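Novice: Following this message is one structure expressed as structure tokens.
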Amino acid sequence: MPVIINISTYKFTPLGDLPALKTRLLELSLRVGLKGTILLSEEGINIFVAGTREQLDPVLNEIRAIPGLADLHPKESESDRQPYRRMLVKIKREIIAFGIEGINPACHTSAKLSAKTLKQWLDEGRPVTLLDTRNNYEIRMGTFRGAVPAGIDHFRDFPAAVGQLPAEWKEQPIVMFCTGGIRCEKAGPFMEQAGFKNVHQLDGGILKYFEECGGAHYDGECFVFDRRVGVDPALRETNSVLCFACQMPLQEAEQRHPHYVPDVSCPHCYERQQGKLKSAKTLA
């Protein structure tokens, strides 16, 4: 059984002729048997695909030949199965939906902090606020010890959440992080516009931190947007699953809960699903 390599990478850089680029990348990906999703927009590219090295290399070479994309450096992890069902190439308004005009990561991002530097800071006990910019359901799976959740259900909610942060944070060092780094590319400049003066973003996100530093200062696993659901600090697939009914990620302890019934309900949606069943019986 060939090893499946999961890669994720992005780049904010102006792209043109998107329909032709979409057709070219989709046809090549299908021809070599690659699966996953490539998002294209005028602001750049966002890639999360999986396949063998022989399937990945032709597509990555094609992408790196596009002006502005020669320096792509994908994050990699291995799995024993293909985590995607099909291959998609989509044209979007944004490669990560934010909805705020005037944020252009191709021109400006907040200062980037390497994984090893963050670990060093945490080892030293530096006074720094860790801000988790991911959605609440992702944070449930795991996060850095002592990190403050943004408290959002969708990344588009982040600007409103920034308005609720303590005013004294504007003068304090903040390190924000997300799964692979892309959300922080927009979140950081927005926070700077809102008056936060010492903002850093974890370069490459949690996945890069796992790759370079393992699980130091991190509790739990990291949610990923494919059939693996979660990976541990060694970048191995965990036993977490998604609830069929509500799509909430469930770790092993939650799968042992009496309200978890595969393909029916979980502890997070049990009451709602029971209400639906009662309504259906009443109507019958």
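Novice: Loop-only check: which trypsin sites (Lys or Arg not before Pro) in region 92-199 are DSSP coil with at most 15 other Cβ within 10 angstrom?
Specialist: Passing both the DSSP loop test and the Cβ count: LYS92, ARG93, ARG145, LYS197.
Novice: Continuing with the same structure: In the chain, what % of DSSP beta bridges are antiparallel (nearest 5)?
Specialist: If I count the DSSP bridges inside the chain, around 60 percent turn out antiparallel.
Novice: Follow-up. Which length gain, in nm to one decimal place, applies between ALA234 and ALA70 when the Cα-Cα distance is subtracted from 0.36 nm times their residue separation?
Specialist: 56.2 nm
Novice: Which residues' amide hydrogens lie under 5 Å from the amide hydrogen of MET176, considering only partners 5 or more residues apart or on another chain, with H built in the peptide plane?
Specialist: Correct list: LEU131, HIS200, GLN201, LEU202.
Novice: For the chain, what does -39500 (n - 2.57) per DSSP helix run (n ≥ 4), summed and divided by total residues, give at 222 nm, in deg cm²/dmol to the nearest 500?
Specialist: Dividing the helical sum by the residues of the chain leaves -8500 deg cm²/dmol.
Novice: Ok, one more. In Å and from the alpha-carbon atoms only, list the Rg and Dmax of region 111-223.
Specialist: Every Cα atom of region 111-223 included, Rg and Dmax give 12.8, 34 Å.
Novice: Related question: Plugging the Kirkwood radius over Cα pairs into Stokes-Einstein for the chain, at a temperature of 20 °C and a viscosity of 1.002 mPa s, what D comes out in µm²/s?
Specialist: 105
Novice: When only C-alpha pairs under 8 Å and at least 6 residues apart count, what is the relative contact order of region 111-223, in percent?
Specialist: It rounds to 37 percent for region 111-223.
Novice: Still on this structure, please answer the following. Report relative contact order for the chain in percent, whole number only (criteria: Cα-Cα under 8 Å, sequence separation at least 6).
Specialist: Taking the mean separation of contacting Cα pairs over the length of the chain, I get 16 percent.
Novice: How large is ³J(HN,Hα) for each residue in region 224-239, as worked out from phi by the Karplus curve 6.51 cos²θ - 1.76 cosθ + 1.60 (θ = phi - 60°), to whole Hz, x for Gly and Pro?
Specialist: 10, 8, 8, 5, 6, 6, x, 10, 8, x, 8, 6, 9, 4, 9, 9
Novice: Normalising by the residue count of region 1-104, find the relative contact order in percent from Cα pairs under 8 Å and 6+ residues apart.
Specialist: 42
Novice: In the structure shown, do any of LYS75/LYS186; LYS92/LYS208; LYS11/LYS35; LYS35/LYS90; LYS119/LYS208 have a Cα-Cα gap over 23 Å, and if so which?
Specialist: Beyond 23 Å: LYS92/LYS208.
Novice: In sequence order, what are the phi-derived ³J(HN,Hα) couplings for region 154-167 according to the Karplus relation 6.51 cos²θ - 1.76 cosθ + 1.60 with θ = phi - 60°, rounded to whole Hz, with x for glycine and proline?
Specialist: Using θ = phi - 60°, the values come out as 9, 4, 5, 7, 4, x, 5, 5, 4, x, 9, 6, x, 4 Hz.
Novice: In whole angstrom, how far apart do the alpha carbon centroids of region 112-163 and region 218-235 sit?
Specialist: 16
Novice: How large is ³J(HN,Hα), in whole Hz, for each residue of region 179-191 in order, when computed from phi with the Karplus curve 6.51 cos²θ - 1.76 cosθ + 1.60 and θ = phi - 60°, using x for Gly and Pro?
Specialist: Residue by residue, region 179-191 yields 5, x, x, 5, 5, 5, 4, 9, 5, x, x, 5, 5 Hz.
Every number in this text was worked out from the coordinates using simple rules, so none of it is lab data. This is a predicted model, so every value here is computed, not measured. When we count neighbours, we look across all protein chains shown, and the Cβ atoms used for this are built from the backbone with ideal geometry, even at glycine.
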